Each structure stands twice: as structure tokens, then as C-alpha cells.
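FYI, it's all coordinate maths here, none of it is from the lab. Since we're looking at a predicted model, the values are computed, not measured. Here the Cβ is made from the backbone with ideal geometry for all residues, glycine too, and neighbour counts use every protein chain on show.
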Amino acid sequence: MRTWLCLTASLVVAGRAPAQDSTRATGDTVTRDTTHGRSPRPPAVLSPVRVTVSRDVPRPPIDLPYAISVAHPDTTRPAQSHTRLDETLLLLPGVTVENRFNPSEDPRIAVRGFGSRSAFGVRDVRLLYDDMPLTAPDGQTPVDYLDMQDIGTVEVIRGTASALYGNGAGGVIAFHSLPAPDVPAQASVESVTGSAGLERWVGTVAGTTAGATYRADIAHTGLTGYRQYSAQQVTNYSARSTLDLGATRLGLVVLGLDEPTADNPGALTVAQYRANIDSAAPIDISKRARKAVDHLQVGLDATHPLGSQGGTITGELYGLGRRLENPLSYATVAVATASGGGSVRATLPVPIGRLMDRVNAGVDYQRQDDSRQNYANCNGLVAPTARCPVTGVDRGVATINQREVIWSLGPYLSDELDLGRVHVSGGLRDDDVNFAVHDELPITPTSPNASGIRDLHAVSPTGGVVVKLSTFQSVYANVASAFETPTTTELGTKPDGTPGINPALSPEYATTYEAGVKGYLWTRIRYDAAAFDTFVRDELVPYEVPGQSTRVYYRNAGRTNRQGLEASLGSTVGPLDLGLSYSYSHFKFASYTVNSASYAGHWIPGIPMHDLQGSATYRVNRLFATLEGAAQSAMFADDANAAPRAPSYGLLNIRAGGSALFGAPWASAAVGITNLLDRHYVPSVVLNATQGEYYEPGALRAIYVKVDLGIGG
């Protein structure tokens, strides 16, 4: 705590201004501007935004008793390439995005350190797109099918105050698509060409007519890769439509992906990294490690007013299909997924004399059915073996053939009492998550049936208070608990190599104490600062077994403790938009023994202690120039804190461009340079790698040119 007080006293930080490139803020409402999806200069006076990530009616963030961030990615930082999540999620305090620059593996997204252990997909953090869940019932989220082109707003709940969303200890990230323009029809074509063979084409149609809105995007991206053996070919598509039928609003969401090529260059040893930062791991090349994916998800939602005091009732249904072929260095994994779910929630304000009480209740249900097969990877062999009678193929003998069924049910209830300048709230969620494995391999004396069932249960309470210091300023405090189950992949990997469910792996449970301040100064400066202390029991930790290639297994650490500070501040000064965010992470193991070694007091690997990000955009007429910076301290790579740390680094990115070029209102162009100073850096590490392959290097200097042509409006 003494460290917190010292840092708080000396902290001068900033964050993003809450405006959007394609909207004008007017009071608490947002109206669409019709300049081909790109707005003129945002207004200097900032107006409070409203968020929906609270699972309530739209509320200003300063009315909510927990740390929440709101971002409009293209506003103060225009002309992004829309190919990188770390680009979209820049300037969010407490949020770390580790870009692996590996098209076969999703970037790690961590909130307050939760998610840093992920080997595949996003863990510990729940993701939504237009309120449709992207996270599976076991807590894992692939993000390869999420294209950044259509993201208009990002809302983040940082920490366990997100417990009302269920399985996920770190927080919630809610992506919202761009609103449709207020014209019947609008269309645009965008081209991005750049280093490492980048070729990207995007087509968009959107409009509003007769009580309905629509927006659809299709984007194809090709890349030879920033490293050896890192080529990619991927097509993303998305659509969003709404229809007003009286007082009821109906919505349709579609997200899809076709990715036939995504090579996996793997991680490097320190020696390999220093010798050639662009190299790939030899074993991943010889085993032809890569993935091919196709994915389609469709969601339907309906919202209707409830009562006369501003209440609502909302229902959602969604379904998805996904096929993955994933040759890895130790096996080839093939998974066919069918998943779906639904939710219903109601918010009802209840007057109590002169006071207002708001009740929020709902239930979420999800079900996932996976058909999983693991085969021996027979690439790179010089002679046949028992598991590889034919060499040079992806699929040898099947080692796992099982059906995995996961379902989750989570009813929740929250209540908020408005006492004028003081709001007191509390909530409770009850989660049941059931895992069932049906072993479909032939039963033999050496391979018994590995079918099994595990049922995991948790009750997660939350409570908080917010005090309004003025119309646009507040202080708050909360205490909350959350839990995180192992995923099916984590439960299904046992060190002895047998199929079935790992009976020794337990969920992790987290409790957080948090306090903060947030609001606006002089209606022009947005600020946000939070301090937290999180205690975790049975934290899930990845590790590798010597002699088993790069296969990742999981175990429970005894206890961990996370203390941290987060702060941001943002403003517009004349033609200049400024933003800066800072995160301090003091994360350690409190009780953790492996074999006879105690790691108590060791730093939790995979998260930098200091993370500083900033941006500045200068505009004149229809021209702009943007400078971005990011700096991180060194990062441990293993639980023992003995492996070489990923070194600290600082990066600069720059972009410049304009709209209505050469007098044509439908034409805009920009040029961008990432890693301007051509720094060598390691944004991501493989935790507890026994082969010494810890480093996942970042891209060197790269340049891209972006051209956007539009009609309509």
C-alpha cells in the first residue's frame, strides 16, 4: 500500500477522449455523421458517454461503482490498419495485448494479469460483440474471426466486478459495431498495402431506411509474414441489422471467417532471437505447424421497454459452427464445434418514496459440443514409426477421439439503490458449468475408456458504492469475487498423455478490493484512476514437461496476490487530441510449491510491471498526423523467475493522411509506419517453456498505405 501511495502522489497520466470518428456527441446522445464513415473534427467539449456493458440500461461510466473504460478506436487515432488487436485496444489502462505476430495463434489479451497464461485464444476475460457472447461456456475465446474494421466502440470492465457475466475472473471486453449512417445507402472500398506482403481489401455497404438499419463488411487479408514461415490468407465478414417494430427493436448479428492459411513460426530461444529476430522455430517448420479455420456465428436479439420508469427486457439467441485443423509440433488437432446459447434479462426501476431502486435480473445458458481428434503429426520424419506408418503427412495414428460436451447455466440478480449523490449496489450470480467427455477410441487393455464428467459450481457476490462529487465527477469502491474454470483443452491435457478429464485440475477463485475516482474536469478533460488488490486461490498455471516437445499442461498454484494502479486522462486542446494511460502491476505468488521448490514471493510471469501508452493527433482542415508510443518494462517468462526476461522496450508509430483529397469528398488516403525506430522487442512470451523457446518476437519497422473510396450519403 505504501508503494501505491507513493506512485499515486507522483502519477501524471492520460487516456483517450470519449468521442468517435463517425459520430457527433450531443449531450448524452450520439448521432451518426454521414461523411462516408469518417467524421469531421470532433467537438472540443466532451460529453458523457453511456455504456451497456453493465448489463443494465445505458448508464454513464461515472455512475457505476467499478473501473470501466470506453474507447472509440478510430477517433483520436485515425487510419489504423485494422489488422491488429493491440492497435485497437491501445490506451486502455489495465489491459495488456501481447501480439505474438503469429497468424496461427491469437494475441493474448490480459486484464489485470488475467489472461496472460493463454496458450490458445483468450482466457480469463469474457468477450462480447454487440452483446452477443464470443466466449465459450468453458471460458475460452477465439478471436481470429473478429475483424477490427467494423468496431465502433469498445467497453471494458476491469477486474472481478464483471462477475455478473460468469466464468471469467479478469473482466469483460464488449465490442460494438459502428452505427449505420443516416442515409438510405452508402458503400465504400478500402485498400491497404504494406510491408511483409500485406494486401488487404475491404468492401462495406450500410444505410438506414424505413425503421431499419444495416451494415455489412467483407475483408480479405493476405500476408507473407513478418517472420519466416508466417504467411496468412484470411477472409472475414460481418453484418449487423436492426428493425424497429413498434416499441420493440430486433437485431441480427453475423460474424464469419474463412482462413485456409495461417502458418505457425513458433517461439524462439534467446540465442535464436539474438541471431535472427525474423527466424522461425525449426521444429515448427519441419512439422508444418499451422492452422486452417472456418467459422460462422449468428445472433438474434430483441429489446422491449418494461414499465413506465425506463425499464427494459432483452432476449438473445445465438449459434455457431467452427472447424479447425491444427497441425502442431507434438500432434495434429482437429476439432469440429457446434455451440449456441441464449439469455434473457430485465431491468426494472422501482420507486421507493423519493428514492429509486433499480433491479436487474437475468439468466445465461450456453452449450458447446466438440468433436475432437488428435493424430500423430508425421511431418519431418525420415522413417516410419508405429504412430506414423506413412511419413510426411499431417495425420498419423489417432491418439484421441472424443466428444466433449460443455454446458453452463448462470442466473444472476443485482440491485442498485439511488440515494441522490450516493448509489449503493450489490449483486449475486450462481454458475454451474458441466464438462462431459465421451471417449470414442477402441477399448484395449492399454487404452481403457476415458469417458468422464465434472460439474463445477460457484457463487459470485459483488457489492459497491459510488458517490457523485458533482454532475461529472465521482469516487467509488467495490468488493467482488469471480471464478474461472479450466477450459476443455486444459482439462483434457494430462501429463501422462492419456485421454479424458484431468481430475486434479480445479477452478480458480478471485476476490478483489477496489477504489477509484473518475469523471470530467472543465467538461474537456476525462480522467480515471483506480487502485486494486486481488487475491486468487488455485490460480491456473501453464507448464511443459521435459522431453514432450512444446505440449502445454496446467496445474493450480496455491495462492497469488495482485496489487495494481491504473490511470488515464484525455483531452482535446485546439487542433490536438492527447491521450496517455499507465498501468502498474505488482503481481506475485503468495503460496506455490512445485515438487520441492517454493515459488512464494516470485513474480507472476507474462505481465510487465509498468505499461505506458500514449498518442497525439494533430488536425488541420481535412489533414491529420498521429504519433503513438508504447513502453513496457521487462517481463518474466517462468514461475521460477530464472529464465531470461523479455527485455523492456519502447515503440513509436506514426500515421498521416487526409479526407476529401483533390476536392473529391469520397476519397481519403493515409500512410502509416509501425515500429518507426526499428526496435527489436519481445511483446509476448511462452510461459514455463522447457525447451528454452520463450520469446515471441515483434515485427520490425513496417509501412502501409491505405486508400478509401466511397459513394452515397
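Just the Cα atoms of region 65-170, one point each, no solvent: what log10 I(q)/I(0) does Debye give at q = 0.14, 0.15, 0.19 Å⁻¹?
-0.51, -0.59, -0.99
Pick out, from Tyr704, Gly427, Tyr412, the residue whose Cα sits farthest towards the positive end of the charge dipole of the chain, with +1 on the Cβ of Lys and Arg and -1 on the Cβ of Asp and Glu.
Tyr704
Excluding residues fewer than 8 places away in the same chain, name every one of the lysines whose C-alpha is closer than 22 Å to that of Lys706.
List returned: none.
Sorted by packing (mean other beta-carbon atoms within 10 Å per residue), highest first, where do 174-186, 346-358 land? If you can, show how the numbers build up before the last one.
Details: 174-186: 19.2, 346-358: 14.1.
Descending packing order for the listed peptides: 174-186, 346-358.
Can you tally the net charge around Ser162? Count Lys and Arg as +1, Asp and Glu as -1, for every other residue whose Cβ sits under 12 Å from the Cβ of Ser162. Let's see the in-between values first.
Details: positive: Arg55, Arg112, Arg126, Arg158, Arg429; negative: Asp124, Glu155, Glu484, Glu514.
That sum, taken over residues with Cβ under 12 Å, equals +1.
Pull up the cross-link candidates among the aspartates and glutamates for Lys287, meaning alpha carbon to alpha carbon under 18 Å and not fewer than 8 places away within one chain.
Glu105, Asp263, Glu325, Asp394, Glu693
Below 13 angstrom from the Cβ of Leu85, what's the summed charge of the other residues (Lys, Arg +1; Asp, Glu -1)? Display every interim value, and only then the final one.
Details: positive: Arg84, Arg100, Arg108; negative: Asp86, Glu87, Glu98, Glu105, Asp106, Asp144, Asp147.
Result for the neighbourhood of Leu85: -4.
May I have the pair-distance distribution P(r) for region 378-472, computed from all Cα-Cα distances with 5 Å bins from 0 and rounded to whole percent?
Final binned percentages: 3, 10, 11, 9, 9, 9, 8, 7, 7, 6, 6, 5, 5, 4, 2, 0.
Quick one: net charge around Leu417, please, counting Lys, Arg +1 and Asp, Glu -1 for every other residue with C-beta under 15 Å from its C-beta.
The answer is -1.
Need the C-alpha centroid separation for region 284-348 versus region 117-143, integer Å.
Here the two parts' Cα centres lie 9 Å apart.
What full-extension length gain, to one decimal in nm, is calculated for Arg387 and Tyr365 as 0.36 nm per residue of separation minus the Cα-Cα distance? If you can, show how the numbers build up before the last one.
Values: separation 22, 0.36 × 22 = 7.92 nm, distance 4.03 nm.
Additional length available on full extension: 3.9 nm.
Cut-off under 19 Å on the C-alpha distance; same-chain residues fewer than 8 positions from Lys518 excluded. Which lysines are left, in chain and number order?
Within the straight-line limit of under 19 Å, Lys518 reaches these lysines: Lys468.
If you find the alpha carbon centre of region 567-616 and of region 455-471, how far apart are they in angstrom?
Distance between centres, Cα-based: 23 Å.
Nothing charged except the Cβ atoms of Lys and Arg (+1) and of Asp and Glu (-1): what's the magnitude of the dipole of the chain about its Cα centre? Round to the nearest 20 debye. Provide the component values of the computation, followed by the final result.
Numbers: 59 positive and 68 negative charges, 269 e Å.
Dipole magnitude for the chain comes out near 1300 debye.
Taking the square root of 5 times each eigenvalue of the Cα gyration tensor, what semi-axes in Å does the equivalent ellipsoid of the chain have, largest first?
Semi-axis lengths for the chain are 38, 30, 27 Å.
Using 1/(1 + (r/R0)^6) with R0 = 41 angstrom and r between the beta carbons of His680 and Asp258, what's the FRET efficiency to the nearest 0.05?
Details: r = 34 Å, r/R0 = 0.83.
Calculated transfer efficiency: 0.75.
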